[in-house]
Structures are given as structure tokens and as C-alpha cells.
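These notes concern the structure reproduced below.
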Amino acid sequence: MVVKSGAVCCIGCSFRIVHGLAAQVFRANARTGEITVRVFNLSAGQLLEHIIYVFFRRWLAMAIWFVVLSFSCLFGIILITPTYEAVNSVLIQNNYKQQLGLFDKLSSPGVLNPRVNWANNVISVAQSYDLAAQIINEFGFADRLRKTREAPEDFRDVVKMGIINGFKWPLSKLREMGVLGEEDPTDYVADAIDEFVEDTVDIALIEDTELIALAVNERSPELSNAVVDRLSLLLIERMKALENDRAGYALRLAEEALVQSEAAYKGAMAALEAFRLKNQVIDYAEQKKLQLVAREQVASDLQRVEADLSDSRGGLTWILAEMADAKLTPSDYRKFADQRAELELAIASLVARRDQLVTALAQLDRNLDGLITREDTFRKLEDEVTATRSIYTQLRTQRDELMVNQSTHIGEFSLKVVDSKRVSPLADPDWPALVLLVPIVFIFCMMLAIMIGFGLEMLAGDYVRGARGLYELTGLDVAGVVPRWRMWYGRTKGTGEGVGKGPHCWVKTAAGRHYRTYKTIVADLQARVDGGKAASVLLCSPGARDGKTHMSLNLAATMALDGQRVLLVDLDTCRSSLTRRFKLAQRPGVADLLGGLSLEDFKPLRVQPGFDVVSGAVPAMGDKTARVQPSCVQLRRALDLLAGSYDIILLDGESLADAPHLRVLAREVGVLYLVVRGMKSLYSEIKQAADLFAKAGHKVDGLVLNRFHDPVFRSVRRAMGSLVEGGDL
């Protein structure tokens, strides 16, 4: 039951912490209406202030959490079932001569498959579920796990299962209520396999060696030794079987590739022979040389014919020019005519010869190109024959080697146990090293305790912490901050300042820090009071027990010490703290004044010079014995009657939670103060109260933060004053 209750408390606290953190991190600014992330909205000084505040406020909680967490961690570690570790070192011996690679493509003999890292394969097999299942079945670990969970015998197992069942209890209740689905049946075999595989995660290759450390942790030395030996044997057998399968598969691939390579080689040879028979060419170089010589001869003859043709055409042109001369005799003319006929005949012959030579030259060029093409084809066929012959030779050699390896059972690598670390029956179990464990637990628990301390502070969520946040989140001015003082028999602890006795004590002397504190609020109040209606001040609060009466009493006493005439009116008809404290029921009050009592006969209780207190309750309409708050008309009339006799009239009102109609009475006063209490009042309540007064026609003039506890030492505040904004840590 204790464990179950603790589990429920942990779940509830977790939800509360999450809710508090969300409320604290995300907040709305009342002046801008924007939602901001508080952590990122803080300046460096504010963040430092918050950290110091938490350390001084939650130090006791953090210390308790640190002690509890440290004890829990150490106790939890001790609860871990002790184990005995046995280790076998397995050597991976590579047979490099047997590591043959197959070609990816027959046409690319230079590209080989990448080498395989056999150490990773061995580790993967050692950590496989198949091997773990075989170990579990042989040693009966599933039955042992079932017995440990259902009927634990060892004390550690009993405590461990109690903790586990305690955490599972809320889930079982949720399943009974139908919130969660049915739980799957427990598979002890699968759980045992998972635990064994998790234990083999540490199996790894020893650095800078070819050794694999097989470590097994079990509950007895004999079991650890037996399991590690069996694991090593199974690993060697499994890897040998895998290597044999791989060798057989490699042999089949080699034979298939050899058949393909042989077919390709024969096809290349047949194509080469067919090409030779078709073209009847023995030496392509000699044929190319003869063709080139013939081409050069034809080109030379063509050049010579072109020159003769050019000369003949020049001579013909000269003869035609001479024949055109008119002075030429008939005999000369006939002579030139004969020469022209001879030249025209010669030119025609040269043109025919030139055309023959051009045709012959083109034919020789075509023959030469065809010869070059056939030579290239022949060379390619020869290269293909050479390549296929090389591949065929290599694959045949590899096939022969693989056949030898398979027949002799020689693989690419072999496994062998070279070292065994046995556990002696008298050996102590493997416990965590205390030299390393204690500092780690200390640091971890200290950090976790600090985080819990901050989480507890965040649980405050919307509660008022200080004046800065009060102004930022509500948008209202803070008239003053009254710290929380410890009272001892009418005197403040550590000082000689008299503040009276009883639950409602007040300032007696115009000296000391109490007087200075309330003097700040009085200064703000006097700045807002300008006589007449403004001389009346109403103090109320969003909730009950925020210190309104104590605040009213001390403000009135402080103003009286300054020489002012102050009247304190008790409007709190629910609790009537002032009426009971000073027994005002037997003295004249506001009801008597409204009933016709003259001011000369109106004698309120004189607490101290310049400070009077009176009851503000009036009889109810239907029941004259009951006392209620005055109406707006009655309050206005009473204030008008008393305005000439006093400088300030303080009205000690009720809380809005007890008297919602108080916001209507606020329209008849000049100054309205809300009294809030540190770490009790909520920002949302303060904002809601301010909105209610604003809707009623009177805005809240200021806030008074009462009983604010500042846990930071005064020396720390002075030292950090220059770092924190405003210097008001």
C-alpha cells in the first residue's frame, strides 16, 4: 500500500508540476495584453534574482530532496541483483589468400566487390535473437524469469518486483476503469531473449586487435562460465556454417560466371574468324601503305596535268589576241589558226585526263577509309577476344580455388578462443565501484534536488511573489511593500521597537523600520488625498485574511504619529476584527451618528492621540439586531458628517469574496487600496477585483503588498543590488 500510495502521489505531483511550470513560463502582460514566454522575457538581473530567491526560499526542501534522492539511488543500486562476469576472447584469423573477389561485370575485370569487415558480422551474429533464443532454451532462462516475477524468493527480487508493481498499479486501475485497453499477455520467452540481447550489447572488438570480447553476466559463477563457453561454441559453429554456405554460394556463382565467360569467349573467337574469312586481309598495315603510295602517285599526276592545262590555256589566250590584229597577213593568220586548233585539242585532252585522275583519287580515298574501318573492327574483335580470354582464365582459376577451399573446409577467416576469464566459485560479484559511484550519485542528486526546488517554486504558479511582478502582471501601481516580521511579546524580533500586543498590533513610536515602512504607504496616500471626498480611503482585498485590518490599524497609527487626525471605521461585518479587538459594540458608532446623534455627543474610542476607531455597521432593514454594511447613501452621509472633524477617514472593508457589493460602496470614497498578501493572493484574483471596481465606477488607486517574505539575506541584497534592476532584490 505504501508503494501504491507513493506511485499515486508521484503521478499527481508530476501533473501539478507540469501545470505550474506551464502557468509560470507562459504569462500574459496586463499592460500590453500580450502572452509572452516568461523565461525569455526576464532580464539577466531578474533571472539572477529569481535564482537567488529560489535558493534561499527552498533550501530546506532541496536539502531534504537531496538526502532522499541520494539514499534512494544508493539503495536502488544496491538492490540490483549482483552478477558474475565471465569473458572469452575470440580471435578472428583472416586467411588473406582465400579472400577472392568476383568481378561485378565481365567486361570490367578491374572492378571488384568491396571487402567485408568480418568482425562486424561476428558481433552481429553474437547479438542476434536467433542465437539468444538458443541460449535461452538450453539454460531455461524463461522459466527462471517467470519464477522471479511471479514468486520471487530473493529479498532483492521481492523489493524490485514490489517497486515495479507499485508503478504498474495506477495503470491497472485505469484498465479496470476502461480508460486503457487490456494488457497484452506476458511472453516470458521474448522477455528473456530481450534481456539476454541487452546484456550482449557490450560485445565489441577490442581496440587495435582482432579479438572480440564475449562477456556474460549471470547470477552464479558456474552459470556465467557455462553460458560464455556455450555462447563461444555456438558462435564459432554458426560462423563456420555461414562461411560454408557462403563458400558454396560463391562456388555456384563462379561456375555460372565461368559458363557465361566461356560462351562470351567462344562468341568473340567465332566473330573474329568470320571477319577474317569475309575480308581476306592478312596485313592491314601493308595494304594501307600500298594504298597511300598509289594515292600519292595519282595526286602527283593530277598536279602535273593541272599545270599543263594552265599553260595551254594561257597560250590559247595569246593566239586569240594575235589573231584579232587587223594588220595580220593571211599567211600569218592561217599559221595562228593552225596553232589554235592544236592548243584546243591539247586542252581537251588534258581536261579528260584531269577528270580521270580526280575520279581515281576519290576511289583511292574511299578504299583507304574502308580499310581503316575494317582495321578498327578487327582490332576491337581482337581486344574482345583477349578480354574474354582473360576473364575466362581468371574465373576458371577462382573456380578451382573455391573447389579446393570447399573440399578442405578452408574459409576466408576462422574463429578461435584464445583467452578465457573464468569466474572462481569464491569470487565476489561485480558491484559498482564506490569510488566512482558516490561522486556521480552526489552530483546527480544535487542537480536533481535543485531542479525539484525550482519546480516547487514554479508550483506557486499565479501567486504573488514581489512588487515587480505585481506591477507587470496587473498594471496597477504598488503603493508599498510590508515585509513579514516575527513578533515576540509586542516587540519585533531583533529590535527594540514597540508595536503593541495581540493579534492586531500597531506602530507606537515614530522611529524604526516599521514606521518607515508604513510611512512610504502614507506618503503615497497623501499624494492622492486633496481634501473633501478624497480624504476618505477604503482598504479591501480580493480574498479573506490578507491583512486589511492590520494594514488599516498601522496606517492610521502612522498618520496619527505624524500629527494628523485619523478615524478608522470598521466596515468588516463578517469578521468584525476591530470591533471585537476594541469592544466597539458598546460604544457609539456610525449607526448612532446616522440615527441623530450629534457630533458633540459622538465620542469614538481614542486609541492614541489623533487616532480614533469606530464601528461602521448599521442595523439591517428587517432585523434591527443584525448588523450590516451601510448603503451608499448612508456611507456618503456619514462621511460628510465626519469630514470636518478628521483629516483622513480610513475604512477597513471586507474582502470581495465575502462582500461583492463592496465595489458599489467604493464609489463614495476618494482613494481605493487593494491589500494583497505575498504567496497567498493570486494575480488573476487581483486583476478580476480591479476589473470589478472599474466597472462599478472607481478604479483601484494602488496595491499594498502585505506580509511579503524576502528570504534573501540583507548582505546578499546589497551585494547584488548593482546587478538587479532597481536594486531591490
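The values are calculated or read from the model by the stated rules, or taken from the named source; none is laboratory data. Since the structure is predicted, the reported quantities are computational estimates derived from the model, not experimental observations. Note that each Cβ is placed from the backbone with ideal geometry, even for glycine, and that neighbours are counted across all protein chains shown.
Being of a type outside the set (Ser, Thr, Tyr), in contact with a helix residue (DSSP H, G or I) (Cβ under 9 Å, 6 or more places away or on another chain) and over 18 Å from residue 616 (Cβ atoms) is the filter here; which residues of region 535-563 pass it? Of everything in region 535-563, those that are of a type outside the set (Ser, Thr, Tyr), in contact with a helix residue (DSSP H, G or I) (Cβ under 9 Å, 6 or more places away or on another chain) and over 18 Å from residue 616 (Cβ atoms) turn out to be 542, 543, 554, 557, 559, 561, 562.
Does residue 160 count as in a helix (DSSP H, G or I), of a type in the set (D, E, K, R) and free of Cβ contacts under 8 Å to residues at least 24 places away in the same chain? Here the answer is no, as residue 160 does not meet what is asked.
Residue 138 meets all of the listed conditions (1) out of contact with any Lys or Arg (no Cβ under 7 Å at 6 or more places or on another chain); (2) at pLDDT 80 or above; (3) of a type outside the set (Gly, Ala, Ser) but one, namely (1).
Out of 664, 613, one residue alone is in the same structural domain as residue 699 (by TED's automatic domain parsing), of a type in the set (Val, Ile, Thr) and more than 60 Å from the chain's Cα centre (by Cα). It is 613. The set of residues in region 235-281 that are in contact (Cβ under 8 Å) with a residue 40 or more places away in the chain, within 30 Å of residue 371 (Cα to Cα), in a helix (DSSP H, G or I) and among the hydrophobic types (A, V, I, L, M, F, W, C) comprises 264, 268, 269, 271, 272, 275.
If you go through region 357-399 and pick out every residue that is under 60 Å from the mean Cα position of the chain (by Cα) and touching a residue at least 60 places away in the same chain (Cβ under 8 Å), you end up with 10.
Listed conditions (1) crowded, with 17+ Cβ neighbours inside 10 Å; (2) out of contact with any Phe, Trp or Tyr (no Cβ under 6 Å at 6 or more places or on another chain); (3) at pLDDT 80 or above; (4) closer than 25 Å to residue 225 by Cα are all met by residue 66, apart from (4).
Residues that are buried (at least 19 other Cβ atoms within 10 Å of the Cβ) and not hydroxyl-bearing (Ser, Thr, Tyr) within region 224-246 comprise 225, 227, 228, 231, 235, 239, 243, listed in sequence order. Residues in region 163-202 that are more than 30 Å from residue 122 (Cβ to Cβ) and either touching a Phe, Trp or Tyr at 6+ places or on another chain (Cβ under 6 Å) or not in a helix (DSSP H, G or I) (or both): 177, 178, 179, 180, 181, 182, 183, 184, 185, 186. Looking across region 250-292, just one residue is closer than 23 Å to residue 400 by Cβ and modelled with pLDDT under 80, and that is 250. Residues in region 348-355: is at least one surrounded by 15 or more Cβ atoms within 10 Å (Cβ to Cβ), aliphatic (A, V, I, L, M) and closer than 30 Å to residue 293 by Cα? Checking region 348-355: at least one residue is surrounded by 15 or more Cβ atoms within 10 Å (Cβ to Cβ), aliphatic (A, V, I, L, M) and closer than 30 Å to residue 293 by Cα. The residue that is surrounded by the most Cβ atoms within 10 Å (Cβ to Cβ), among those in region 78-108 that are more than 23 Å from residue 213 (Cβ to Cβ) and either at pLDDT 70 or above or aromatic (Phe, Trp, Tyr) (or both), is 103. Being under 26 Å from residue 93 (Cα atoms) and touching a helix residue (DSSP H, G or I) at 6+ places or on another chain (Cβ under 7 Å) is the filter here; which residues of region 194-209 pass it? Listed by number, the residues that qualify are 197, 200, 203, 204, 205.
For region 140-154, name all the residues that are closer than 13 Å to residue 227 by Cβ and in contact with an Asp or Glu (Cβ under 9 Å, 6 or more places away or on another chain). Matches in region 140-154: 141 only.
Of all residues in region 148-169, those being loosely packed, with under 13 Cβ neighbours inside 10 Å, over 16 Å from residue 76 (Cβ atoms) and not small (Gly, Ala, Ser) number 2. Among the residues of region 170-198, those identified as among the charged types (D, E, K, R) and surrounded by 13 or more Cβ atoms within 10 Å (Cβ to Cβ) are 173, 175, 191, 194, 195. Looking at region 256-280, which of its residues are surrounded by fewer than 17 Cβ atoms within 10 Å (Cβ to Cβ), under 17 Å from residue 394 (Cα atoms) and in contact with a helix residue (DSSP H, G or I) (Cβ under 6 Å, 6 or more places away or on another chain)? Selection gives 262 alone. Against the condition among the basic types (Lys, Arg), surrounded by fewer than 17 Cβ atoms within 10 Å (Cβ to Cβ) and modelled with pLDDT under 80, how does residue 484 come out, does it pass? So residue 484 passes the test. Here the strands (runs of 3 or more DSSP E) wholly within region 556-659 that include at least 2 residues being surrounded by 19 or more Cβ atoms within 10 Å (Cβ to Cβ) are 566-570, 611-615, 648-655.
Do we find a residue being small (Gly, Ala, Ser) and closer than 30 Å to residue 215 by Cα anywhere in region 312-322? No, there is no match, as no residue in region 312-322 is small (Gly, Ala, Ser) and closer than 30 Å to residue 215 by Cα.
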